[in-house]
1. How many residues are in a helix (DSSP H, G or I), out of contact with any Leu (no Cβ under 6 Å at 6 or more places or on another chain) and among the small types (Gly, Ala, Ser) when one looks only at region 72-85?
2. Of all residues being part of a helix (DSSP H, G or I) and of a type in the set (Val, Ile, Thr) in region 31-47, which is modelled with the lowest pLDDT? Just the residue, please.
3. I'd like the residue in region 86-124 that is among the hydrophobic types (A, V, I, L, M, F, W, C), touching a residue at least 24 places away in the same chain (Cβ under 8 Å) and touching a Leu at 6+ places or on another chain (Cβ under 8 Å) and, out of all such residues, is most open to solvent (accessible area, probe 1.4 Å).
4. Go through (1) surrounded by 18 or more Cβ atoms within 10 Å (Cβ to Cβ); (2) touching a strand residue (DSSP E or B) at 6+ places or on another chain (Cβ under 7 Å) for SER127 and report which single condition fails.
5. Condition check: at pLDDT 95 or above, within 30 Å of LEU129 (Cα to Cα) and either out of contact with any helix residue (DSSP H, G or I) (no Cβ under 6 Å at 6 or more places or on another chain) or assigned to a helix (DSSP H, G or I) (or both). Does LEU105 satisfy that?
6. Filtering region 49-81 down to residues that are open to solvent by 70 Å² or more (accessible area, probe 1.4 Å) and touching a Lys or Arg at 6+ places or on another chain (Cβ under 9 Å), which residue is farthest from SER123 (Cα to Cα)?
Amino acid sequence: MMNPRVRILPVAAAMLAAVVMLAGAKPASAVTGSGVLQCVFGCASGAFACARPVRQAAQACYADAGCTDLAAAAKAACTTDFQSQACADARVALRACTDPCRTALRAGLQTCRCAAASCLQTSCGLSDLPTPLRCGSGQ
């Protein structure tokens, strides 16, 4: 069976291209027309390739930290009564377990996003990227 993330790559790349084009990012280089679109697709593909090992590392982090067992315990505790103290305690324990992994995941994905933004600017010659695609302090 094909990985669902692989199936959505063309759709996500098309969405990224549409966001870039509709936001008014202007080509500042000799790359024009369909060349810009192909370049944007290339940058999107690179971003997804970058994110794949980051997500895999996060899954390994969750497993190594024992978060999988805590998730099962939280599910069991919360299935019957989401408002119970047992459920609240299980969710707190799960959050404490996953927070370091999620922090590393966010940092890794930020690196991929910055690489994609750099690709769009340097390879595709796009300037004035929309805010979600910009990279820098506080972004």
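The values are calculated or read from the model by the stated rules, or taken from the named source; none is laboratory data. The structure presented is a predicted model; accordingly, all values stated were derived computationally and were not measured. All Cβ positions, glycine included, derive from the backbone under ideal geometry; neighbour counts span all protein chains shown. Ligands, DNA and RNA are stripped out before the accessible areas are found, and what is left, the full protein with its side chains, is counted by its heavy atoms. Shrake-Rupley method; radii C 1.70, N 1.55, O 1.52, S 1.80 Å.
1. 4
2. First pass over region 31-47, keeping only residues part of a helix (DSSP H, G or I): 34-47.
Going one step further and asking which of them are of a type in the set (Val, Ile, Thr), we end up with 36, 40.
Details: VAL36: 82, VAL40: 88.
Only one residue fits best here, namely VAL36.
3. Filtering first and then ranking leaves LEU94.
4. Here SER127 meets the rest and fails (1).
5. yes
6. ARG55
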